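Peer 1: Pasting a structure here, questions to come.
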Amino acid sequence: MVTKPPADDPAQDAPVIGPPGRAAAGLPAVAHTVRVAGEQMGAARSLRTLLKVNQKDGFDCPGCAWPEESGKRHRAEFCENGAKAVAEEATLRRVTPEFFAEHPVTELAGRSGYWLGQQGRITEPMYLAEGADHYTPVSWEQAFAVVAEELAALSSPDEAVFYTSGRTSNEAAFLFQLFVREFGTNNLPDCSNMCHESSGSALTETLGVGKGSVSLEDLHRADLIVVAGQNPGTNHPRMLIALEKAKAAGARIISVNPLPEAGLQRFKNPQNPLSLLRGTPLADLFLQIRIGGDQALFRLLNRLIVETEGAVDEEFVREHTHGFEEFAAAARSADWAETLTATGLDRAEIERALELVLASERTVVCWAMGLTQHKHAVATIREVVNFLLLRGAVGRPGAGVCPVRGHSNVQGDRTMGIFERPAPAFLDALEKEFGFAPPRHHGFDVVRSIRALRDGDAKVFFAMGGNFVAASPDTAVTEAALRRARLTVQVSTKLNRSHVVTGRRALILPTLGRTDRDVQSGGRQFVTVEDSMGMVHASRGNLPPASPSLLSEPAIVARLARAVLGSGSGTPWEEFERDYGAIRDRIARVVPGFEDFNTKVARPGGFTLPHAPRDERRFPTATGRANFTAAPVEYPRVPEGRLLLQTLRSHDQYNTTVYGLDDRYRGVRGGRRVVLVHPEDAGRLGLADGAYVDLVGEWRDGVERRAPGFRVVHYPTARGCAAAYYPETNVLVPLDSTADTSNTPASKSVVVRLEPRDD
Ligand SMILES: Nc1nc2c(c(=O)[nH]1)N[C@H]1C(S)=C(S)[C@@H](COP(=O)(O)OP(=O)(O)OC[C@H]3O[C@@H](n4cnc5c(=O)[nH]c(N)nc54)[C@H](O)[C@@H]3O)O[C@H]1N2
Ligand SMILES: Nc1nc2c(c(=O)[nH]1)N[C@H]1C(S)=C(S)[C@@H](COP(=O)(O)OP(=O)(O)OC[C@H]3O[C@@H](n4cnc5c(=O)[nH]c(N)nc54)[C@H](O)[C@@H]3O)O[C@H]1N2
Ligand SMILES: [Mo]
């Protein structure tokens, strides 16, 4: 069913297609930044705000998790898309109680996510009573009483689910997991379950630490950087600066991607006049791989390394690794013909890649969602680890694993204990510090939470940020699951779909964002975040809050905890709300690496967390060594007449937040319902450029999943593959189609047929 947005909803989709961009950033990006920021914030506020982004005395960009330079910072240490993220949050538009009086929830449910997001910052706590069609204002006390009442009515704490998105600060995240565990459950799913969980699973098993092992300096010093399954030009634009630096120092870059992403082809650095003029070509080799072919590619490269005299770092393998023989036997059986089928590459391309690999002493592999969101994602990332271990490229300067994180504090949230499967040592430390017995059995991740809500096994859903309904797979199933809940609660800055697809009762709890000044009774507060490379630093908002009624996330958790746990809790929640330094003192005693937290974070630029493989070539795995693994090679098989669809981000969105309707680097303007298909595939399927189709998912459960009304765009993607934007395509991703081990939805490999529409 197509729910057409009302006529005044600017998300009317009428995409216009031009040639794809050949370079990323440059002056169009600067112009775009100024325009977007001005529209949302006005000129003076834009300047005041943007000059504080990622400065040592400013706030951490709420965009991506890419780290800041450690030395002297550029005055404009942000990118076009970071500026858009800031403008979205620092907007002067407001969603007030009058807005909710005017718009019933049933009407808002017919609006596009773009329209909802454009309405502005939410100003008051709002309550949707059972059977009501309008949210009405509610006091904070009443709101917390509603949550307490519903939680008290559960027959077990495990009937409640507490989701976290990745913008939540370390302080808020630590308090949130503490409250949830005191309440009595480990049901702490987070956006990471849909994101880098596959990286965490693979790296913990093989290296002993589920995080990246390189710093920004390592990237600058690398001989070879492989960027696989990542589109930094859009999603981590400041990474292009690091790649440009590495190139200037002689590094080679290989891009492995089904799409020729503009940022990896050529980059025009607005901070560097010469680069701005000419652009820096970044990728030396572009391997246009078929979706899901990466494990096969790395396995064959590993065979070729093993077979090349002197190519294996034998000393490293002997001293630091486990399982080499078994792995080498599997690698030797890698087959050229099968690899060429799986990858769609030709022999010469793989041989060229091998040359670059063998010429490099210091290799870094960077990756993101193009590797993590497949059925065999964990096996693929383990194969990347095998590749680096063979060359001794872990724990060596200029080399290592670099999973590039998404949300700006998603890595920190996990460090703070937002995890449905916490390590026993973490729970022991919590128990010792706070004197209660945390639950030991594992909780629900995102997919299991949806199943539990669907099946009536969970009845209360509480979200610390994010947009669970739109971000999760299998939209129809997820929406029905949430509608079954007795209560849904969203702690949010902006309106989104999760506020209008609700349980029987619902609450919106509006909160401060990164850019907002945070003043508590103990004075002005700051929070801390951890970037993609394990650097922890302070973030201080400088704008007057969007409304005087907003509470910070730590204050919301502290007051909620008091309402729910009452006098039964020995935790000093009031003190934590008054002074976040008191929270950091407790983090220092519970989380390894945070000793003397308050002192260390006071240093400008913050501090780096220890990382045993990087710092001392120590691998805290089950074997005490870095583990080679030898999983069978997998790749998706697509039936005749079908395509393999990846669901990805346009240049004008931040996950489910749509900033605008253009995808400048891919030549798409004014609409999002497009599907990129190789011209020859389109020809074979009889689909002209500009034809309208329904995307119909085909999965083994036989359920028909349909995303209607997409415009076919002939585009140079890998053969047999297609691409379309998320979240519109989440309706096609089956809930049960997930990665082995990590349970991450396989949203980059969906088998679809394209059905022409008559209208
Ligand atoms: N502006 C902006 N910044 C963001 C975000 C945003 O939405 N907007 N989101 C943030 C978040 S939470 C995250 S996780 C990151 C996401 O950052 P990315 O992972 O870069 O995001 P995607 O758009 O999902 O792009 C996936 C890339 O992988 C490629 N790909 C797809 N399938 C395969 C495959 O099988 N093999 C290979 N080798 N490549 C493949 C796609 O062509 C695409 O280039 O960005 C973060 N930063
Ligand atoms: N098909 C498909 N699905 C995907 C993906 C994909 O590539 N394809 N990617 C997945 C990935 S990588 C991720 S990370 C998830 C993202 O999933 P989420 O993190 O759940 O989604 P976001 O769109 O980032 O959340 C946006 C909302 O967060 C709220 N918000 C913003 N800032 C703050 C803040 O400071 N505090 C609070 N409390 N709220 C705030 C706003 O209300 C905003 O509407 O989606 C996943 N889903
Ligand atoms: Mo993500």
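Please treat every number below as a calculation from the coordinates, not as lab data. What you see is a predicted model, and the numbers here were worked out from it, not measured in a lab. We place every Cβ from the backbone using ideal geometry, glycine too, and count neighbours over all the protein chains shown.
Peer 1: With the calculation restricted to Cα positions, what are the radius of gyration and Dmax of the range 324-376 in angstrom?
Peer 2: Gyration radius and largest Cα-Cα distance of the range 324-376: 13.5, 32 Å.
Peer 1: Specify the inter-centroid distance of the range 36-52 and the range 369-440, based on alpha-carbon positions, in whole Å.
Peer 2: Comparing the Cα centres of the range 36-52 and the range 369-440, I get a distance of 36 Å.
Peer 1: I've got another one for you. Considering only Cα-Cα distances, which of the following residue pairs are longer than 29 Å: Lys432/Lys600; Lys211/Lys375; Lys247/Lys600; Lys56/Lys432; Lys245/Lys375; Lys211/Lys247?
Peer 2: Those over the limit are Lys247/Lys600; Lys56/Lys432; Lys245/Lys375.
Peer 1: Which residues' amide hydrogens lie under 5 Å from the amide hydrogen of Ala463, considering only partners 5 or more residues apart or on another chain, with H built in the peptide plane?
Peer 2: It is Tyr163, Val489, Gln490, Val491, by chain and number.
Peer 1: Which whole-angstrom value gives the distance between the alpha carbon centres of the range 101-120 and the range 136-172?
Peer 2: 23 Å
Peer 1: Can you give the extra length, in nm with one decimal, that the chain gains between Ser547 and His441 once fully stretched, where that is 0.36 nm per residue apart less the Cα-Cα distance?
Peer 2: 34.1 nm
Peer 1: State the Cα centre-to-centre distance between the range 464-530 and the range 230-293 in whole Å.
Peer 2: Cα centres, the range 464-530 to the range 230-293: 35 Å.
Peer 1: Counting every Cα pair in the range 459-533, what percent are over 18 Å apart?
Peer 2: Of the Cα pairs, 50 percent sit more than 18 Å apart.
Peer 1: Measure of size requested: the Rg and Dmax of the range 612-688, with Cα atoms as the atom set and Å as the unit; please supply both.
Peer 2: Gyration radius and largest Cα-Cα distance of the range 612-688: 21.3, 58 Å.
Peer 1: So who's got an amide H within less than 5 Å of the one on Tyr654, skipping anything under 5 residues away but keeping other chains? H placed 1.01 Å off N, in plane.
Peer 2: Counting only residues 5 or more places away or on other chains, the set is Tyr659.
Peer 1: Additional query: If R₀ is 41 angstrom, what is the calculated FRET efficiency for the pair Ala582 and Leu92, using the beta carbon separation as r and rounding to 0.05?
Peer 2: Efficiency computed from Cβ-Cβ geometry: 0.75.
Peer 1: Which number do you get for Rg(Cα) / (2.2 N^0.38 Å) in the range 213-404?
Peer 2: 0.99
Peer 1: Counting pairs of Cα atoms in the range 186-277, how many percent are more than 16 Å apart?
Peer 2: Beyond 16 Å sits 65 percent of the P(r) for the range 186-277.
Peer 1: Residue by residue, what Karplus-based ³J(HN,Hα) values in Hz, rounded to whole numbers, does the range 344-352 have, using 6.51, -1.76 and 1.60 with θ = phi - 60° and x for Gly and Pro?
Peer 2: x, 8, 10, 4, 4, 5, 5, 5, 5
Peer 1: Which of rounded, prolate or oblate describes the chain when judged by the alpha-carbon gyration tensor and an a/c cut-off of 1.5?
Peer 2: Since a/c stays below 1.5, the shape of the chain is classed as rounded.
Peer 1: Which percentage, to the nearest 5, of the DSSP beta bridges contained in the chain is antiparallel?
Peer 2: Of the beta bridges lying entirely in the chain, close to 40 percent run antiparallel.
Peer 1: Still on this structure: Hey, if you drop one equal point scatterer on each alpha-carbon of the range 294-343 and run the Debye formula without solvent, what base-10 log of I(q)/I(0) do you get at q = 0.31 Å⁻¹?
Peer 2: Summing over Cα pairs of the range 294-343 leads to -1.18.
Peer 1: Also, I was wondering about something else. If a/c stays under 1.5 just call it rounded; otherwise compare a/b with b/c (prolate if a/b is bigger, oblate if not). Do that for the range 316-430, with a ≥ b ≥ c from the square roots of the Cα gyration tensor eigenvalues.
Peer 2: prolate
Peer 1: Just to confirm the filter: which trypsin sites (Lys or Arg not before Pro) across the range 606-670 are DSSP coil and have at most 13 other Cβ within 10 angstrom of their Cβ?
Peer 2: Qualifying residues, ordered by number: Arg637.
Peer 1: Also: If you take the square roots of the eigenvalues of the alpha-carbon gyration tensor of the range 643-756 and sort them as a ≥ b ≥ c, do you get rounded (a/c under 1.5), prolate (a/b over b/c) or oblate?
Peer 2: The shape class here is oblate.
Peer 1: While we're here: Once phi is turned into ³J(HN,Hα) by the Karplus curve 6.51 cos²θ - 1.76 cosθ + 1.60 with θ = phi - 60°, what whole-Hz value does each residue of the range 616-632 show in order, with x for glycine and proline?
Peer 2: The phi angles translate into 9, 6, 10, 10, x, 9, 4, 8, x, 9, 6, 9, 6, 10, 9, 6, x Hz.
Peer 1: Please identify the cysteines of the chain that lack any partner cysteine with a Cβ under 4.7 Å from their own Cβ.
Peer 2: Cys61, Cys64, Cys79, Cys191, Cys195, Cys721
Peer 1: Counting pairs of alpha carbon atoms under 8 Å apart in space and at least six apart in sequence, what relative contact order in percent does the range 643-756 give?
Peer 2: It rounds to 37 percent for the range 643-756.
Peer 1: Next question. Quote the relative contact order of the chain in percent (integer), defining contacts as alpha-carbon pairs under 8 Å separated by 6+ residues.
Peer 2: This gives 22 percent for the chain.
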